[in-house]
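Here's the structure, in structure tokens; my notes come after.
Just so it is clear, none of the values below were taken in a lab; they were calculated from the coordinates. Note that the structure is a prediction, hence the values are computed from the model and not measured. As a convention, Cβ positions derive from the backbone with ideal geometry for all residues, glycine included, and neighbour counts pool all protein chains shown.
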Amino acid sequence: EDQVTQSPEALRLQEGESSSLNCSYTVSGLRGLFWYRQDPGKGPEFLFTLYSAGEEKEKERLKATLTKKESFLHITAPKPEDSATYLCAGLSGNTPLVFGKGTRLSVIA
Amino acid sequence: SAVISQKPSRDICQRGTSLTIQCQVDSQVTMMFWYRQQPGQSLTLIATANQGSEATYESGFVIDKFPISRPNLTFSTLTVSNMSPEDSSIYLCSVEWGPNYGYTFGSGTRLTVV
């Protein structure tokens, strides 16, 4: 059964304190690994898709990386506006998008 | 990327009643997806809706409880029938919008059943 596990469940950072969020996956025939940001009361906002091990993508203070077993979302010098829940999801050839439970990030000024 | 409008944004409903959620996309899309996000949980796919055919439901979800319509390539509805408090969740529609945009989501409908 395809599974996506995110850690930690919650993370509290000081403004400027860089860190990483982890997404480990067991998805057979991975076609894509997705990262989303979700603010309270809103739908998930697409951030990145990674397709193969070794791939990296960046957007402002965020960088996503992918290995054969896990993905990391690195947050460099975060700001309070980066506070949100970050969701990871895997897509295989046979099953729909499988989401992890997310990491709730709080960045304190 | 596609812009998705979802209505209503929230509702409080009595148990035993039904609520229909609408999802409008600003471009034609082949497949539309309906998800449920229970409190503190991740997103779970309810069904996939293709225009011109019956929706495909995931394990644990049935058509009698969650009937779906897909009358054209830009619109879909999800009905939550005979509601109970356990149906209190956020319901989201989504479309696939190419490799650079992933799966785009609407803003969601926050449903509370009392």
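For the reader, a short list of remarks on this structure follows.
- Residues considered: B:Ser27, B:Ser59, B:Ser94. Largest GNM mean-square fluctuation over chain B, using C-alpha springs under 10 Å, is found at B:Ser59.
- Charge dipole of the protein assembly as shown about the Cα centre (unit charges at C-beta), most positive-ward option of A:Leu73, B:Phe61, B:Val113: B:Val113
- Ranking A:Leu30, A:Ala64, A:Ser18 by Cα position along the charge dipole of the range A:3-108, where only Lys, Arg, Asp and Glu carry charges on their C-beta atoms, puts A:Leu30 farthest toward the positive end.
- The lysines whose alpha-carbon is closer than 24 Å to the alpha-carbon of A:Lys101, local same-chain residues fewer than 8 away aside, are A:Lys42, A:Lys57, A:Lys59, A:Lys63, A:Lys68, A:Lys69, A:Lys79.
- Test item: A:33-44 mean partner chain Cβ contacts at 10 Å: 4
- Rounded if a/c under 1.5, otherwise prolate or oblate - the protein assembly as shown, Cα gyration tensor axes: prolate
- For chain B, a Gaussian network of Cα nodes joined below 10 Å ranks B:Leu78, B:Leu19, B:Leu43 by mean-square fluctuation, and the top entry is B:Leu43.
- Within 10 Å of the Cβ of each residue in B:48-61, the mean number of Cβ atoms contributed by other protein chains is 0.
- Residues with amide H under 5 Å from that of B:Ile21, placed H, sequence gap 5 or more: B:Leu78, B:Thr79, B:Val80
- Cβ-defined net charge surrounding A:Glu45, 10 Å radius [Lys, Arg +1; Asp, Glu -1]: +1
- For the range B:4-113, a simple Cβ point-charge model (Lys and Arg +1, Asp and Glu -1, everything else neutral) yields a dipole of about 240 debye relative to the Cα centre.
- Shape category assigned to the range A:27-109 from the gyration tensor of Cα positions, a/c cut at 1.5: oblate
- Couplings 3J(HN,Hα) of the range A:33-43, computed from phi: 10, 10, 10, 10, 10, 10, 8, x, x, 10, x Hz, in residue order, whole Hz [Karplus 6.51 cos²θ - 1.76 cosθ + 1.60, θ = phi - 60°; x for Gly and Pro].
- Here the 3J(HN,Hα) profile of the range B:71-81, calculated from phi with Karplus coefficients 6.51, -1.76 and 1.60 at θ = phi - 60°, is x, 8, 7, 10, 9, 8, 10, 10, 10, 9, 9 Hz, Gly and Pro shown as x.
- Orphan Cys of chain B, criterion: no other Cys C-beta under 4.7 Å: B:Cys13
- Choice from A:Tyr51, A:Tyr36, A:Tyr86 with maximal GNM fluctuation in chain A (Cα, 10 Å cutoff): A:Tyr51
- 10 Å Cβ neighbours from other chains, averaged over peptide A:100-109: 1
- Within chain A, longest stretch clear of exposed GluC sites (Glu not before Pro) (DSSP loop, no more than 15 other Cβ within 10 Å): A:61-109
- Net +/- balance of residues flanking B:Arg110 in space, Cβ distance below 13 Å, scoring K and R +1, D and E -1: +2
- Evaluated with a Cβ-only charge set (Lys, Arg +1; Asp, Glu -1), the protein assembly as shown carries a dipole of roughly 180 debye about its Cα centre, given to the nearest 20.
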